[in-house]
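Read through the structure below, which is laid out as structure tokens, and then see the notes.
The values are calculated or read from the model by the stated rules, or taken from the named source; none is laboratory data. Computed from a prediction, not measured in an experiment: that's the story for all the values here. Glycine also receives a Cβ, built like all others from the backbone with ideal geometry; neighbour counts cover every protein chain displayed. The area values use the complete protein model at the heavy-atom level, side chains included, leaving out ligands, DNA and RNA. Shrake-Rupley method; radii C 1.70, N 1.55, O 1.52, S 1.80 Å.
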Amino acid sequence: MLLRQLEYLSALARERHFARAAAACHVSQPALSAAIRRLEADLGVQIVRRERRFGGFTPEGERVVLWAHRMLADRDALRQDLDRMAGGLTGRLRIGAIPTALTAAPLLTGPFSELHGRVRISFESLSSREIVRRLAEYELDVGMTYVDGEPLGGAVRTVPLYPERYLLLTPDDSPLAERTTAAWDDAATLPLCLLSPDMENRRIIDRAFTDAGVAVEPMLEADAVSVLYAHVATHRWSTIIAHAWLHLFGVPDGMRIVPMIPPASSHRIGLVLPDRVPEPMLARALLDVAGSVDMRAALDQLLRRHVRRS
């Protein structure tokens, strides 16, 4: 019964609402509430602040939630290990990725699925900071984010996949369209649309502009790569893209890509996972695939092909 109670508690922590947590666990709300009360009685502490609505967790409850995530993760890891011994991995691999890395993810998950067809994969688009938090709280198995930018916190392993290269995506009639490379101070003179300031990719780009001695004021900001592409396709704006975006979006008609002069600091996308023993089998399987797939070479080849076309 303890594991079931922990599952209910984990769902409540995720949903922050009793009815939604009960629905996620396919039980009635009274049954979920009663199970959490029994867990409180067994542990001798109050876990949930009970008000007219869900009032959050007590300090002791926050600690119990963390242990619940950990114990459920260990249970899942045990099942995965036994499945492997029986002839094949199963379960669900939970990956959190920053939006700018999502476009290249199929280069990794495609080969993974060919090897482990019974494993389900779930992706969430998250900020780099949210990935770090949810890895620490056992809500993700692997993160796909910058591995040499913001602090990754705690004991983690990092596996670099590819360095990010930056390109000016601009209309054919842009004053910079015919150049072989574009300087950051020149790009700042164009009507730009960029990602939102709360996203790490935007902070990297802002630092590159600052290092070039200019401040950029984009005409449009968005929190999704697809929104940027939709707007530059109107030929009203230019943008700075990461070269991995070409894997999904390519270059819209009437647009051209011009490589940006590399900024002073390079930034690498990679896998991040908690450094735990025993190592979860699904995470280990993804790392094995990452070791056999040269994402850097694949993306560089894609970039060269699009530059030749431009």
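Checked against the criterion of being out of contact with any Gly (no Cβ under 7 Å at 6 or more places or on another chain), of a type outside the set (D, E, K, R) and modelled with pLDDT under 90, the candidates 39, 72 yield just one match: 72. Considering only residues that are within 17 Å of residue 278 (Cβ to Cβ), among the aliphatic types (A, V, I, L, M) and surrounded by 13 or more Cβ atoms within 10 Å (Cβ to Cβ), look in the range 65-92 and name the one that is nearest to the chain's Cα centre (by Cα). Step by step, filter the range 65-92, then rank; the result is 73. Among the candidates 7, 62, the residue that is open to solvent by 80 Å² or more (accessible area, probe 1.4 Å), closer than 20 Å to residue 140 by Cβ and charged (D, E, K, R) is uniquely 62. Within the range 257-269, residues that are within 19 Å of residue 146 (Cα to Cα) and crowded, with 18+ Cβ neighbours inside 10 Å sit with their Cβ atoms under 7 Å from residues that are of a type in the set (Phe, Trp, Tyr) and at pLDDT 85 or above, at 6+ positions apart or across chains, in these pairs: 267/146; 269/146; 269/162. Inclusion of residue 16 among residues that are open to solvent by 50 Å² or more (accessible area, probe 1.4 Å), closer than 18 Å to residue 92 by Cβ and either out of contact with any strand residue (DSSP E or B) (no Cβ under 9 Å at 6 or more places or on another chain) or not hydrophobic (A, V, I, L, M, F, W, C) (or both) is not warranted.
Hey, among the residues in the range 183-197 that are in a loop (DSSP other than H, G, I, E, B) and more than 17 Å from residue 267 (Cβ to Cβ), which one's farthest from the chain's Cα centre (by Cα)?
Selected residue: 189.
Mind checking which pairs have a first residue in the range 54-76 that is farther than 14 Å from residue 8 by Cα and a second that is open to solvent by 60 Å² or more (accessible area, probe 1.4 Å) and polar (S, T, N, Q), Cβ under 8 Å, 6 or more apart or different chains? Short answer, once both residue conditions are applied: 58/46; 60/46.
Provide a single number: the residues in the range 100-126 that are over 27 Å from residue 205 (Cβ atoms) and either in contact (Cβ under 8 Å) with a residue 40 or more places away in the chain or buried (at least 20 other Cβ atoms within 10 Å of the Cβ) (or both).
Within the range 100-126, residues that are over 27 Å from residue 205 (Cβ atoms) and either in contact (Cβ under 8 Å) with a residue 40 or more places away in the chain or buried (at least 20 other Cβ atoms within 10 Å of the Cβ) (or both) number 5.
For the criterion of being in contact with a His (Cβ under 9 Å, 6 or more places away or on another chain) and open to solvent by 20 Å² or more (accessible area, probe 1.4 Å), residue 253 fails. When 133, 120 are screened for being on the phi < 0 side of the Ramachandran plot and out of contact with any strand residue (DSSP E or B) (no Cβ under 6 Å at 6 or more places or on another chain), only 133 passes.
Output the residue which, of all residues in the range 25-47 that are among the small types (Gly, Ala, Ser) and open to solvent by less than 50 Å² (accessible area, probe 1.4 Å), is farthest from residue 62 (Cα to Cα). Selected residue: 31.
Take the conditions open to solvent by less than 70 Å² (accessible area, probe 1.4 Å) and under 25 Å from residue 297 (Cβ atoms) and apply them to residue 232. Does it pass? When the stated conditions are applied, residue 232 does not pass them. Being open to solvent by less than 70 Å² (accessible area, probe 1.4 Å) and closer than 20 Å to residue 107 by Cα holds for only one residue in 288, 294, 300, and it is 300. Among the residues of this structure, residue 84 does not count as one that is without any contact (Cβ under 8 Å) to a residue 40 or more places away in the chain and farther than 30 Å from residue 44 by Cβ.
Only a single criterion out of (1) within 24 Å of the chain's Cα centre (by Cα); (2) at positive phi is not satisfied by residue 248, namely (2).
Rundown of residues vs (1) in a helix (DSSP H, G or I); (2) open to solvent by 20 Å² or more (accessible area, probe 1.4 Å); (3) modelled with pLDDT of 95 or more, yes/no style:
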| position | (1), (2), (3) |
| --- | --- |
| 132 | yes, yes, no |
| 153 | no, yes, no |
| 159 | no, yes, no |
| 167 | no, no, yes |
| 177 | no, no, no |
| 202 | yes, no, no |
| 215 | no, yes, no |
| 221 | no, yes, yes |
